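Chemist: Quick one: this structure, given as structure tokens, is what I'll be asking you about.
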Amino acid sequence: MTHKYNHESELFELITHNSRDMISLINRQGFPEYSSPSSFEITGYTPGEFLKYNFQDHIADSNQKIQWQEVKDNLKQGSFSSLILYKFKIKSGQEHWFESTLQKITDGRGKEDKILIITRDVHQRVLLNEELKSLSMIVNQTNNAIIITNKAGLITFVNDAFESMSGFKEEDILGKKPASFLQGAESDPATIEIMSNAIKDVQPFNVDIINYNAAGNKHWVNIQSEPMYNSNGEHTGFFSIQADISSKKDYESQISKLNSYLNVQNIKLEQINQSLDEFAHVVSHDIKAPARNIKNMLELILKKENSLSPDIKKEYFQVAVDAATELGQLVNNMLEYSRSGRIEEEMQTKNLEEICKETITVYQNEIDKINGKIKLSLNPTEVRVYPILFKRLLGNLLNNAIKYRSDRKLEVSITSYPQNGKVKFEISDNGIGIAADRQKEIFKIFNRIEKRSDNNGIGLSVCKKIAEIHGGEIWVDSELGKGSTFQFEIINQL
Ligand code: ADP
């Protein structure tokens, strides 16, 4: 449809004066011939000022200028109206988004003459759209899960990341309360209360909590939630961002495990220092006796050299030699004890059955000779140990079970199982047993219940040290005449 114009007509005036849009007429060259009074509100130019400029001069962007020209050319070529969005430089110098409808106007003879332009400031709308576009891009691209709930706390939107993080499909959870399917047995009730109180009081909240996915697996999430309001300031719901923080939580729990391990090790170190004191005390005491013996005998020989018969002299010398041998033996024993505390190997993950069998092999001949039986019941399969030290610990206990056997046919069982985050070992025998009042002492160095040619009271103190190096303790349950069960633990951090 074409329009005939007569801007002097009353009707035209009525429309243009009351319109909030800017209504202008431009001639073929692009110069305005008429502009409605609203030009002032929209562009800052009074209609009079507006008429001084070519319309296109207000368009700063060169591409948009070309677009304008194309729209005008199209009008010439036959089309009657077009819509164009562009940035218009208003009088203050700012650029505002405008939307114009261009309409071809013909004169009385149907010849294209002027262009009627109806212009509207759409700056806010365009900016809002851009903001919305970037917001929706963020919502869709972020790795964080986003949940929007309405005033009643029911889900109205979740993004793709939520679906992939939780495994729940949007259509299955729309209209549900998030807590009704995300939280479960191990979600902390105190944290759930913090969230529900904040929601009740329309307050933001930020919490870490265990959530469950569609497969029922738990994962740690951080939830940041903000109340939303509409333009009237009315509360409309909550906007929540959930980030998977499982790896951070794993890391934290590793650190706290390590800290408690370090604490245990510190306590052990104190105990080791204490046992070193005891060791020094015992050593000095035990060394003094043979040393005094040697000194006494040699002094006696020196003093009474002429009056002593050769036999007696020989006897005295023999006493001195025996004492010197004992002294040498003592020094060897001390060396063995002190070496047991030195870690010269790497901690290794070992197959427990293999390591036990390797230890048993050393004593196999002896066990076969007395027709003894060793029973193994081992769990877990793998342990983290200092292999040489660990074998020495097991070997010493096995050696004792053989050494302190009773008249009964030797039966030893080696059992292990996980307990309280450690691995517990029990080595039971049916030997002579140990009286209750001696059970603590035997772990101290040089402590033995009776002196025999094949014992020195070192084995169990070495076992104690090795158990401590592995983060555990050693003790014994025993009944005289029935048998003993030596027990120790190790921290098994694979
Ligand atoms: P040693 O065997 O050289 O004396 P240990 O430190 O290994 O040194 O043992 C200390 C003491 O504990 C032994 O002398 C013995 O009296 C007692 N003992 C150790 N193991 C057993 C056992 N399995 N049955 C009975 N007594 C034992």
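The values are calculated or read from the model by the stated rules, or taken from the named source; none is laboratory data. Worth saying up front: this structure is predicted, and the values here are computed from it rather than measured. All Cβ positions, glycine included, derive from the backbone under ideal geometry; neighbour counts span all protein chains shown.
Chemist: Quick one: GLY483 ticks every box in (1) closer than 19 Å to ILE374 by Cβ; (2) surrounded by fewer than 21 Cβ atoms within 10 Å (Cβ to Cβ); (3) out of contact with any Phe, Trp or Tyr (no Cβ under 7 Å at 6 or more places or on another chain); (4) not charged (D, E, K, R) bar one, so which box is it?
Modeler: The number of the failed condition is (2).
Chemist: Could I ask something else about it? With the condition kept exactly as written, say whether any residue in segment 382-392 is within 12 Å of the ligand (Cβ to nearest atom), within 45 Å of the chain's Cα centre (by Cα) and part of a helix (DSSP H, G or I).
Modeler: Yes - at least one qualifying residue is present in segment 382-392.
Chemist: Can I ask one more? Say we look at segment 381-402 and pick out the residues that are more than 15 Å from LYS357 (Cα to Cα) and either among the polar types (S, T, N, Q) or modelled with pLDDT of 95 or more (or both); which of these is surrounded by the fewest Cβ atoms within 10 Å (Cβ to Cβ)?
Modeler: That would be ILE402.
Chemist: When the residues of segment 469-478 are narrowed to those that are over 19 Å from GLY395 (Cβ atoms) and within 12 Å of the ligand (Cβ to nearest atom), which ends up surrounded by the fewest Cβ atoms within 10 Å (Cβ to Cβ)?
Modeler: Ranking the qualifying residues of segment 469-478, first place goes to ASP477.
Chemist: Return yes when ILE427 is in contact with a strand residue (DSSP E or B) (Cβ under 9 Å, 6 or more places away or on another chain) and within 13 Å of the ligand (Cβ to nearest atom) and no when it is not.
Modeler: So ILE427 fits the description; yes.
Chemist: Which pairs have Cβ atoms under 6 Å, sit 6 or more apart or on different chains, and link a residue in segment 479-494 that is on the phi > 0 side of the Ramachandran plot and within 16 Å of the ligand (Cβ to nearest atom) to one that is modelled with pLDDT of 95 or more and polar (S, T, N, Q)?
Modeler: GLY483/ASN430
Chemist: Ok, one more. List, please: which pairs have Cβ atoms under 8 Å, are six or more places apart or on different chains, and start with a residue in segment 345-371 that is in a strand (DSSP E or B) and end with one that is surrounded by 13 or more Cβ atoms within 10 Å (Cβ to Cβ) and charged (D, E, K, R)?
Modeler: If the second residue must be surrounded by 13 or more Cβ atoms within 10 Å (Cβ to Cβ) and charged (D, E, K, R), the pairs left are GLN348/ARG384; THR349/GLU382; THR349/ARG384; LYS350/GLU382; LYS350/ARG384; ASN351/GLU382.
Here's the yes/no breakdown for (1) closer than 30 Å to GLU130 by Cα; (2) among the acidic types (Asp, Glu); (3) surrounded by 15 or more Cβ atoms within 10 Å (Cβ to Cβ); (4) more than 60 Å from the chain's Cα centre (by Cα):
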site	(1), (2), (3), (4)
PHE55	yes, no, yes, yes
ASP61	yes, yes, no, no
TRP68	yes, no, yes, no
GLY93	yes, no, no, no
LYS104	no, no, yes, yes
ARG109	no, no, no, yes
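Chemist: Okay, next question. Search segment 233-259 for residues that are on the phi > 0 side of the Ramachandran plot and pair each with any residue that is among the hydroxyl-bearing types (Ser, Thr, Tyr) when their beta-carbon atoms are under 9 Å apart and the residues are at least 6 apart or on different chains.
Modeler: Once the first residue is on the phi > 0 side of the Ramachandran plot and sits in segment 233-259, its partners that are among the hydroxyl-bearing types (Ser, Thr, Tyr) give GLY237/THR149; GLY237/THR156.
Chemist: Would you check if there is a residue in segment 354-376 being in contact with a Pro (Cβ under 8 Å, 6 or more places away or on another chain), surrounded by 13 or more Cβ atoms within 10 Å (Cβ to Cβ) and more than 23 Å from GLY431 (Cβ to Cβ)?
Modeler: Within segment 354-376, one or more residues are in contact with a Pro (Cβ under 8 Å, 6 or more places away or on another chain), surrounded by 13 or more Cβ atoms within 10 Å (Cβ to Cβ) and more than 23 Å from GLY431 (Cβ to Cβ).
Chemist: List the residue pairs whose Cβ atoms are under 9 Å apart, where the first residue sits in segment 398-409 and is over 17 Å from ILE360 (Cβ atoms), the second is within 6 Å of the ligand (Cβ to nearest atom) and of a type in the set (A, V, I, L, M), and the two are 6 or more positions apart or on different chains.
Modeler: TYR404/ILE432; TYR404/ILE434; TYR404/ILE449; SER406/ILE432
Chemist: Right, next: Collect the residues in segment 445-467 that are over 19 Å from TYR386 (Cβ atoms), of a type in the set (S, T, N, Q) and either within 8 Å of the ligand (Cβ to nearest atom) or in contact with a strand residue (DSSP E or B) (Cβ under 7 Å, 6 or more places away or on another chain) (or both), keeping them in residue-number order.
Modeler: ASN447, ASN455, ASN456
Chemist: Looking at segment 393-421, which of its residues are assigned to a strand (DSSP E or B), more than 10 Å from the ligand (Cβ to nearest atom) and closer than 22 Å to LEU480 by Cα?
Modeler: Correct list: GLU411, SER413, ILE414, THR415.
Chemist: Which one is nearest to ASP113 (Cα to Cα), of the residues in segment 37-51 that are in a loop (DSSP other than H, G, I, E, B) and among the small types (Gly, Ala, Ser)?
Modeler: SER38
Chemist: A further question on this structure: Please count how many residues of segment 185-205 are under 19 Å from LYS249 (Cβ atoms) and loosely packed, with under 13 Cβ neighbours inside 10 Å.
Modeler: The number of residues fulfilling the criteria is 4.
Chemist: Here's a follow-up. In segment 443-477, which residues are of a type outside the set (Ser, Thr, Tyr) and assigned to a helix (DSSP H, G or I)?
Modeler: Of everything in segment 443-477, those that are of a type outside the set (Ser, Thr, Tyr) and assigned to a helix (DSSP H, G or I) turn out to be PHE443, GLY459, LEU460, VAL462, CYS463, LYS464, LYS465, ILE466, ALA467, GLU468, ILE469.
Chemist: Considering only segment 52-80, how many residues are in a loop (DSSP other than H, G, I, E, B) and of a type in the set (Asp, Glu)?
Modeler: 1
Chemist: Now, a different point. Condition test on ASN296, is it at pLDDT 80 or above, over 30 Å from ILE474 (Cβ atoms), over 52 Å from the mean Cα position of the chain (by Cα) and not in a helix (DSSP H, G or I)?
Modeler: no
Chemist: Kindly indicate whether any position in segment 433-442 is touching a Lys or Arg at 6+ places or on another chain (Cβ under 8 Å), within 13 Å of the ligand (Cβ to nearest atom) and not in a loop (DSSP other than H, G, I, E, B).
Modeler: Looking through segment 433-442, at least one residue is touching a Lys or Arg at 6+ places or on another chain (Cβ under 8 Å), within 13 Å of the ligand (Cβ to nearest atom) and not in a loop (DSSP other than H, G, I, E, B).
Chemist: Looking at segment 410-425, I want the residues that are buried (at least 16 other Cβ atoms within 10 Å of the Cβ) and at pLDDT below 95 and have a partner that is in a strand (DSSP E or B) and not polar (S, T, N, Q) with Cβ atoms under 6 Å, at least 6 apart or on another chain. Which pairs are those?
Modeler: LYS422/GLU489; LYS422/ILE491
Chemist: Output the residues belonging to segment 1-36 that are in a loop (DSSP other than H, G, I, E, B), under 17 Å from THR106 (Cβ atoms) and either in contact with a Cys (Cβ under 9 Å, 6 or more places away or on another chain) or modelled with pLDDT of 80 or more (or both).
Modeler: Residue satisfying the conditions is ASN27 alone.
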